[in-house]
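Nothing in this text is a laboratory measurement; each read-out follows from the coordinates by a stated rule. Everything numeric here is computed off the predicted structure, so don't read it as measured data. Because the Cβ atoms are built from the backbone with ideal geometry, glycine has one as well, and the counts that use them run over all protein chains shown.
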Amino acid sequence: MRNATFVTGASGFIGRRLVTQLLARGEGPVYVLVHPRSVHKLEALYLRWGVDRTRVTPVVGDLTLPMLGVSAEDAAMLRGRVRHFFHLAAVYDLAASTEALVSANVEGTRHAVELAQAIRAQCFHHMSSIAAAGLYEGTFTEDMFEEAEKLDHPYFSTKHEAERIVRSECTLPWRVYRPGIVVGQSDTGEMDKIDGPYYFFKAIQKLRRLLPPWFPAIGLEGGRLNLVPVDFVVRALDELAHREGLDRHCFHLTDPEPKRVGEILDIFARAGHAPRFVLRINPRLQELVPRSLREGLALLTPVHRLQAALLRDLGLPAQAMRFVSYPTRFSNRETRKLLDAAGIRVPALEDYAWKLWDYWERHLDPELRLDESLAGALGGKVVMITGAADGIGKATARKLAAAGATVLVVDRDAAKLERMRTELEPQGWRMGFHCADLTDPSQVAHLAGDAVETFGVPDVLVNNAGHSIRRAIEHSYDRFHDFERVMALNYFGALRLTLALLPAMQQRRSGHVVNISSLGVLTNAPRFSAYVASKAAMDAFARCAAAEFADSGVEFSTVYMPLVRTAMTAPTEVYRAVPMLSPDEAAQLVVQALIHRPAHVATPLGLFAQVLHMASPHLAHAVMNLAYRMFPESRRALGESGPSAEATADQVALAKLMKGMHL
């Protein structure tokens with residue numbers, strides 16, 4: 001009696017859900033193809049399905065072998081028993097190699113057809129993809145196949161060829177299913193990998209961190225992407241497979257009303273509480289450029305490098321850009337009639353996008369493994385941190401040492417260094433302690449030479465040592481030495497050490513220089529002209545150096561640090577009522593720079609201040625002047641003794657509104 005079902009790809013994202021659906025039907029046993037190396041994974045699947053081997057029976061085989069590598073004994077056992085043969089196993093990855101795609105998608109389908117015919121299955125169900133249409137210009141209907149065009153990408157061509165094998169070589173009754181871009185479940189958001197629209201989630205998250213949610217953003221309009229949740233695909237597949245009289249038909253498991261890329265990104269931006277893409281640019285405007293010129297530019301190495309750099313900043317893989325101008329629409333008129341009668345419809349993306357985002361941010365966001373990432377990025381590496389015997393530097397040193405890095409602590413205060421050594425040596429971390437005054441050229445030269453000789457060339461240099469002065473310009477007319485001494489440490493000291501280590505980094509073709517700058521550079525903070533100018537000088541050097549070393553493996557990052565409660569800010573009495581970061585929180589910003597190596601790390605408020613200054617400098621000056629007048633000069637800056645007045649309610653309110661700004 002034909003009451004059994006055979007499934008390939010049963011452990012995959014769609015497959016394991018299809019098995020659940022089949023079991024719910026209460027039909028005969030389900031046989032699942034299992035690679036010899038994956039047999040151990042079955043126990044977890046049995047728990048998921050809530051059954052044992054009497055309901056779901058493994059058949060050991062291999063997609064890449066003739067007859068799927070199924071033994072003669074197993075083939076004989078299956079012969080004449082299988083009613084539905086579901087072939088879901090394939091490589092669903094645009095970034096996979098051509099060899100892997102051909103082996104799994106093309107040869108794997110041929111081998112599946114061979115086995116299905118050998119065991120005389122009643123119907124062969126092939127999970128194809130809308131990729132089988134290639135990049136067809138226009139509407140692709142369910143009865144179209146040969147009309148596919150622009151199949152140059154191996155993923156598109158192998159999915160097309162796999163479907164051709166079913167249509168032309170399978171002697172059994174067959175049915176073909178072409179789902180759209182499959183995303184997570186509409187009820188739970190569950191997904192097993194980052195693919196399709198998920199490629200853009202990191203860029204949306206970055207935008208959320210840079211700008212407040214009410215800030216209007218500019219995005220792309222793009223073509224229409226056909227997104228369908230996995231639960232819809234499984235329900236539709238199960239329903240259509242068990243309907244009578246549908247053999248030798250193709251079914252589009254797609255959304256009849258697909259949205260444009262810009263609309264989709266805007267929906268996910270809303271789900272992630274990021275700025276909305278209120279203005280969208282159509283990427284097809286590039287077609288105004290003559291095709292010959294576009295193709296010629298695409299062949300140039302500098303163009304490839306610029307494109308790669310842009311995608312890296314956005315956090316997007318190159319394959320994601322194929323979807324931006326997707327030209328194909330998919331008609332599912334006949335399939336929709338069948339599914340509507342069964343009450344199966346594609347839910348609106350707006351209704352479940354927040355669940356996809358929430359699941360991604362809770363389970364798939366790479367930053368969830370930040371501690372693992374820190375150990376992976378810097379474990380076993382040598383990191384030199386200046387000004388590291390206290391405050392931000394010390395907190396950062398502890399995190400890096402705990403992650404397995406060799407940390408070289410540099411500070412000019414010998415007593416603090418010794419206390420830190422005594423405190424941390426019992427941890428057994430790999431650390432070196434160096435006493436050096438970075439304003440002294442000979443001490444810097446000795447520091448660099450001694451560190452390299454003992455530990456090797458540092459993989460990372462964190463220029464954290466600094467000196468700050470809070471004093472208005474009008475009270476500094478006769479204090480030129482204030483400007484000289486902050487420049488001597490914050491710029492020349494950091495620069496001198498950087499130049500001492502750069503040649504070896506360049507020769508090794510790897511290195512990372514992280515400069516701890518100030519939010520005041522972005523906000524043009526009053527009373528900090530000497531300090532901000534010295535930090536801005538190092539920022540300018542880093543930008544120039546980043547351009548020069550972009551092809552040498554040496555990278556530069558700048559962290560625009562807001563106010564942090566350290567010994568540097570302690571002398572300013574009014575700051576006692578001002579909200580600040582703790583050294584540990586500040587160290588997390590440094591860790592972000594060390595792991596991801598961005599050009600800069602800054603708070604949303606700092607970036608907003610920078611944008612405001614670019615858009616309306618006079619308005620920015622007026623805002624900062626308001627803060628300047630509200631907060632008085634400290635008695636210490638005026639050369640007076642005695643405590644300063646307590647902060648007023650207005651000052652505290654403004655400080656909370658402008659959290660982290662130097663006031």
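Assorted remarks:
- Centre separation in Å (Cα based) which lies between region 65-110 and region 394-429: 56
- Binning the C-alpha pair distances of region 1-97 at 10 Å intervals from 0 yields a P(r) profile of 15, 51, 30, 4, 0 %, listed from the shortest bin outward.
- Considering all C-alpha pairs of region 379-523, those separated by over 21 Å amount to 44%.
- Burial ordering of 618, 160, 600, fewest other beta-carbon atoms within 10 Å first: 618, 600, 160
- Quarter of Cα convex hull surface for region 333-406, i.e. mean projection, nm²: 8.8
- Cα centre as origin, Lys/Arg/Asp/Glu Cβ charges: region 41-124 dipole, Debye: 480
- Note on region 184-255: with charges restricted to the Cβ of Lys and Arg (+1) and Asp and Glu (-1), its dipole about the Cα centre is near 580 debye.
- Highest average packing first - 262-272, 423-433, 480-490, Cβ atoms within 10 Å: 262-272, 480-490, 423-433
- Packing-based ranking, highest mean first, of 398-404, 459-465, 8-14 given that Cβ atoms within 10 Å are counted: 459-465, 8-14, 398-404
- Loop-located trypsin sites (Lys or Arg not before Pro) across region 190-239 with a Cβ neighbour count of 12 or fewer within 10 Å are 193, with loop assigned by DSSP.
- If the Kirkwood radius is taken over C-alpha pairs of region 1-179, then at 10 °C and 1.306 mPa s the Stokes-Einstein diffusion coefficient equals 96 µm²/s.
- The distance linking region 196-214 with region 148-167 is 33 Å (Cα centroid to Cα centroid, whole angstrom).
- Per-residue Cβ neighbour rank within 10 angstrom, fewest leading, 192, 551, 365: 551, 192, 365
- Shape box of region 130-271 [Cα atoms, principal axes, largest first, Å]: 60, 33, 25
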